[in-house]
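Undergrad: My structure is below; once you've seen it, I'll send some questions.
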There are 2 protein chains.
Amino acid sequence: MADTHPFDRATTLMRVDPEKSGGALRWRGTTDPEYANRVGPFGGMSAAQVLQALLQHPGRLGEPVALTVNFVAPIADGEFIVAANPVRTNRSTQHWLVTMTQQSAGGERVVVLTASAVTATRRPTWSATEAEMPHALRPHSVARGQELPAGAPAFFRRYDARWLAGALPRKWDGLDTDDSITRLWLRDDPPRPLDFASLTAMCDFFYPRILLRRSMRVPTGTVSLTVYYHAGAAELARVGESHLLGEARGQRFFNGYFDQRAALWSEAGDLLAGTQQMVYFKDAD
Amino acid sequence: MADTHPFDRATTLMRVDPEKSGGALRWRGTTDPEYANRVGPFGGMSAAQVLQALLQHPGRLGEPVALTVNFVAPIADGEFIVAANPVRTNRSTQHWLVTMTQQSAGGERVVVLTASAVTATRRPTWSATEAEMPHALRPHSVARGQELPAGAPAFFRRYDARWLAGALPRKWDGLDTDDSITRLWLRDDPPRPLDFASLTAMCDFFYPRILLRRSMRVPTGTVSLTVYYHAGAAELARVGESHLLGEARGQRFFNGYFDQRAALWSEAGDLLAGTQQMVYFKDAD
């Protein structure tokens, strides 16, 4: 395993029911300290593990088109089971329900995450990108931050992030910054060829917008995350190990919840994924 | 029932298990021809019926924060069962899984829709709207179209839509219009006080962006729809029967799928909901 990339180690899942070939299949995995958040695992890694479970399902049809992950309870460090169930298979689309469970201190299995996904066989059609890629210096013209800012979570070390705007604040002075825009070049560290699982994790790299907007540390937690995939496996493979341009922003912060959406682009200018999430927050205590 | 609003008739659900008070509860409903799409029911109405099932659940905690609906199979005109299951109840949040089933011609029950939702008790916090409301003439300064364009689905009659940009094309000339933006004032017809269910349905009023972008009728179908709620019941009640400003746009059309996202604003300038959906499309045959 010495040569295994940390991302591949973290998304390794073992079949629980090797004799079953269809229906709901269970996989065992373990949270990885390399992808830890400040408390519990990085949500993007949990989403990648969910996607991995259905990608490995022998009955899978096509490639991911949409994924929604609901974080229903705190995920503890340690072992988990992901069960991926293809609830409906049509001619060119397949609909999935996925749950992640963990054993509680009391010994019973509790659901910590639910998810739904759509996979589909894509065929060449008329295609067009309507969203405009943000202007940005090329990634190799942008310095990589030499050290992590105070309070950065461990999983930041597993990404080569070159911030163009909206890096994690270095001063927590509580001043409202008027906007919550982050723009950056992003890839795995060490570099790793892009695939659906790593793209999924990167969709959650944008830290909670309220920290940026308020320059204030407040408790937050994503409750629901959706990813739409705008590329196939071949397009992702062509991106290889190069950086993605990401841009994220919140729309509204209201009574304990805010949304944030983001787009991830290849350096060549293809919109690869659009994502949004709804995030719980508390006012500072 | 003479005074019942068509929207309330269409979202009326009857308890299937009146003796049960918790856990997964089933409700029976019927698709309504007043909210018919060109084939089957208007997806926004199905989403509203899903939300209604959990709003009526006696064990519900708080108000809707996020909803994702997956259209897994065509919904036939006629009866359906919605089962709403609160899979996890925390101190201030509750996570739901919902399924809609119908009896097939062969007599077995088939899943036609799955959904997840988050409801939550909201508390007053620091709040801010970062997205900018599009500039628009006031709704009463905008003429309402006198007749429905050719090919408009039946449910269009249940909405008072005042198009500012991007109405359903009147000429299907196949010319690429370069953008897929619709901007309009929207409310129920006849007027009805806004609530979570009607707001949910309106999130899906924006017809498939590819029809607008290509000025071409092509087969389409939403596979997944997400709504984020940025207001509470009190804020929605204050909107009353007035129009909402809606703006929708697609980001990328690629090999059979495109996304579209939309925002709905009160006339007073509050962002009430953000929504996105992933839509299947075919090239014209």
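Undergrad: Give the long-range amide H neighbours of B:Asn255: residues separated by 5 or more places, or on another chain, with amide H under 5 Å away, using H modelled in the peptide plane at 1.01 Å from N.
TA: A:Thr125
Undergrad: Apply the Karplus curve 6.51 cos²θ - 1.76 cosθ + 1.60, θ = phi - 60°, to the phi angles in segment B:167-179 and return the couplings in whole Hz, x for Gly and Pro.
TA: Coupling constants for segment B:167-179: 5, 4, x, 9, 10, 9, 9, x, 8, 5, 8, 6, 9 Hz.
Undergrad: Over chain B, with every protein chain in place, what whole percent of the accessible area is carbon and sulfur at 1.4 Å, could you tell me?
TA: Carbon and sulfur together cover 49 percent of it.
Undergrad: Now for a different question. What are the ³J(HN,Hα) couplings of segment B:154-164, residue after residue, when phi is run through the Karplus curve with 6.51, -1.76, 1.60 and θ = phi - 60°? Round to Hz, x for glycine and proline.
TA: 4, 5, 4, 5, 8, 10, 8, 10, 10, 6, 9
Undergrad: Please compute the alpha carbon radius of gyration of chain A, then divide it by the globular-protein estimate 2.2 N^0.38 Å. Two decimals is fine.
TA: The value comes to 0.99.
Undergrad: Further question: Based on Cβ point charges of +1 for Lys and Arg and -1 for Asp and Glu, what charge dipole magnitude is obtained for segment B:1-142 about its Cα centre, in debye rounded to the nearest 20? Before the final figure, lay out each step's value.
TA: On the way: 13 positive and 12 negative charges, 98 e Å.
Roughly 480 debye for segment B:1-142.
Undergrad: Please compute the average number of Cβ atoms from other chains found within 10 Å of each residue's Cβ in peptide A:57-68.
TA: Other-chain Cβ atoms within 10 Å of each residue's Cβ, averaged: 3.
Undergrad: Counting other Cβ atoms within 10 Å, keep those with at most 15, restrict to DSSP loop, and tell me which trypsin sites (Lys or Arg not before Pro) in segment A:96-174 are left.
TA: When the trypsin sites (Lys or Arg not before Pro) of segment A:96-174 are filtered for loop state and at most 15 Cβ neighbours within 10 Å, A:Arg144, A:Arg170, A:Lys171 remain.
Undergrad: Oh, and also: Could you run the Karplus curve 6.51 cos²θ - 1.76 cosθ + 1.60 with θ = phi - 60° over segment A:112-125 and give me ³J(HN,Hα) per residue in whole Hz, x for Gly and Pro?
TA: 10, 7, 10, 8, 10, 8, 10, 10, 7, 7, 9, 10, x, 9
Undergrad: On to the next question. With a ≥ b ≥ c taken as the square roots of the eigenvalues of the C-alpha gyration tensor of segment A:158-265, please select rounded if a/c is under 1.5 and otherwise prolate if a/b is larger than b/c or oblate if it is not?
TA: In terms of gyration-tensor shape, prolate.
Undergrad: On to the next question. Can you give the calculated 222 nm mean residue ellipticity of the protein assembly as shown, where each DSSP H run of n ≥ 4 adds -39,500 (n - 2.57) and the sum is split over every residue, rounded to the nearest 500 deg cm²/dmol?
TA: -3500 deg cm²/dmol
Undergrad: If the reach is capped at under 23 angstrom between alpha carbons, list the lysines near B:Lys171, excluding any in the same chain fewer than eight residues apart.
TA: B:Lys282
Undergrad: Okay, next question. Looking only at A:Pro193, A:Pro18, A:Pro33, which one moves most when chain A is put into a Gaussian network model with springs between Cα atoms under 10 Å?
TA: For chain A, modelled as a Gaussian network with Cα springs under 10 Å, the answer is A:Pro18.
Undergrad: Right, next: For segment A:1-156, report the accessible area per residue in Å² (1.4 Å probe, heavy atoms, rounded to an integer).
TA: Details: 7200 Å² over 156 residues.
Here the residues of segment A:1-156 average 46 Å² of exposed surface.
Undergrad: When ligands, DNA and RNA are left out and all protein chains stay put, how many square angstrom of accessible area per residue does segment B:200-285 have with a 1.4 Å probe?
TA: Values: 2230 Å² over 86 residues.
Ligands and nucleic acids excluded, the result is 26 Å² per residue.
Undergrad: Could you tell me how far the Cα centroid of segment A:235-262 sits from the Cα centroid of segment A:35-53, in Å?
TA: So the separation of the two Cα centres works out to 16 Å.
Undergrad: Mind putting a number on the dipole of segment B:180-219 about its Cα centre? Charges go on the C-beta only, +1 for Lys and Arg and -1 for Asp and Glu, and I need it in Debye to the nearest 20.
TA: 360 debye
Undergrad: Still on this structure, please answer the following. To the nearest 0.05, what FRET efficiency results for B:Arg109 and B:Glu19 with a Förster distance of 22 Å applied to their C-beta separation?
TA: 0.60
Undergrad: Among B:Phe253, B:Phe80, B:Phe206, which one shows the biggest mean-square fluctuation in a GNM of chain B, springs joining Cα atoms closer than 10 Å?
TA: Answer for the Gaussian network model of chain B: B:Phe253.
Undergrad: Let me ask you something else. Can you give the relative contact order of chain A as a percent, counting alpha carbon pairs under 8 Å and 6+ residues apart?
TA: Computed value for chain A: 17 percent relative contact order.
Undergrad: About the Cα centre, and with charges only on the beta carbon of Lys, Arg (+1) and Asp, Glu (-1), how big is the dipole of chain A? Nearest 20 debye, please.
TA: My answer is approximately 320 debye.
Undergrad: Still on this model: From the Cα gyration tensor of the protein assembly as shown, with a ≥ b ≥ c the square roots of its eigenvalues, which class applies: rounded if a/c is under 1.5, or else prolate if a/b is larger than b/c, or else oblate?
TA: rounded
Undergrad: Taking 20 °C and 1.002 mPa s as the conditions, I'd like the Stokes-Einstein D for segment A:112-156 in µm²/s, using the Kirkwood hydrodynamic radius from alpha carbon pairs.
TA: Calculated translational D: 129 µm²/s.
Undergrad: Here is a further query. Provide an ascending nm list, one decimal, of label-point separations from A:Arg170 to the equivalent residue in each further copy; define each label point as 7 Å from Cα along Cα→Cβ.
TA: Label-point distances to the other copies, shortest first: 5.9 nm.
Undergrad: Efficiency by 1/(1 + (r/R0)^6): what FRET value for B:Ser242 and A:Ser141, r their Cβ-Cβ distance, R0 = 41 Å, to the nearest 0.05?
TA: With R0 = 41 Å, the Cβ-Cβ based efficiency is 0.25.
Undergrad: List the residues of segment A:233-271 that lose 50 Å² or more of accessible area once all protein chains are present, compared with their chain alone (1.4 Å probe, heavy atoms only, no ligands or nucleic acids).
TA: When all protein chains are present, A:Gln251, A:Arg252, A:Phe253, A:Phe254, A:Asn255, A:Tyr257, A:Arg261 each give up 50 Å² or more of accessible surface.
Undergrad: What residue among B:Tyr229, B:Tyr257, B:Tyr35 has the largest mean-square fluctuation in a Gaussian network model of chain B, using Cα springs under 10 Å?
TA: Residue with maximal mean-square fluctuation among B:Tyr229, B:Tyr257, B:Tyr35: B:Tyr257.
Undergrad: Assume the label is 7 Å from Cα along Cα to beta carbon: what separations in nm does A:Ala154 have to the matching positions in the other copies?
TA: Copy-to-copy label distances at A:Ala154, shortest first: 5.8 nm.
The values are calculated or read from the model by the stated rules, or taken from the named source; none is laboratory data. Fair warning: this is a prediction, and the values are worked out from it, not measured in the lab. Because the Cβ atoms are built from the backbone with ideal geometry, glycine has one as well, and the counts that use them run over all protein chains shown. Surface areas here come from the heavy atoms of the whole protein model, side chains and all, with no ligands, DNA or RNA. Shrake-Rupley method; radii C 1.70, N 1.55, O 1.52, S 1.80 Å.
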